[in-house]
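This report concerns only the one structure given below.
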């Protein structure tokens, strides 16, 4: 199992093992919500993500998406896109072992920060 959770430990989850896309997103919403130059996501089937402890809070961040986060520590956990009903994006750095999940592509690079020269 792939395991993860929030910073404070209130929320814990598992993801079924598998080969999943790992994507850096440079959209302005991901940047603003995370406070980072981009967010790295592991894209998994919705049914493979199971919350074991705690319940994330949801934010409808746009007409096309809903984000979940820990209401205690603020850790961003997932993104549900309304146009991708079978998948969910999980923040790679909320995984217990993010080093094992290396990004292979980037999206929304048209809004990438000008001072960010590499997509890693």
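Given a Förster distance of 30 angstrom, what is the FRET efficiency for residue 51 paired with residue 84, based on the Cβ-Cβ distance and rounded to 0.05? So the FRET efficiency works out to roughly 0.95.
Here each label is just a point 7 Å from Cα along the line to Cβ, and for residue 60 and residue 32 those points are 1.7 nm apart. Within the listed set 104, 40, 14, the residue fluctuating most in the Gaussian network model of the chain (springs between alpha-carbon atoms under 10 angstrom) is 104.
Per residue, the chain reaches -1500 deg cm²/dmol at 222 nm when only DSSP H runs of four or more residues are counted, each adding -39500 (n - 2.57). Going by a ≥ b ≥ c, the root eigenvalues of the Cα gyration tensor, does region 2-111 fall in the rounded group (a/c under 1.5), the prolate group (a/b larger than b/c) or the oblate group? Because its axes are fairly even, with a/c under 1.5, region 2-111 counts as rounded. Simple spin-label estimate for residue 102 and residue 1 gives 2.8 nm between the two label positions (7 Å along the Cα-to-Cβ direction from each Cα).
None of the figures in this text is laboratory data; all of them are computed from the coordinates on show. All values derive from a computational prediction rather than experimental measurement. Here the Cβ is made from the backbone with ideal geometry for all residues, glycine too, and neighbour counts use every protein chain on show.
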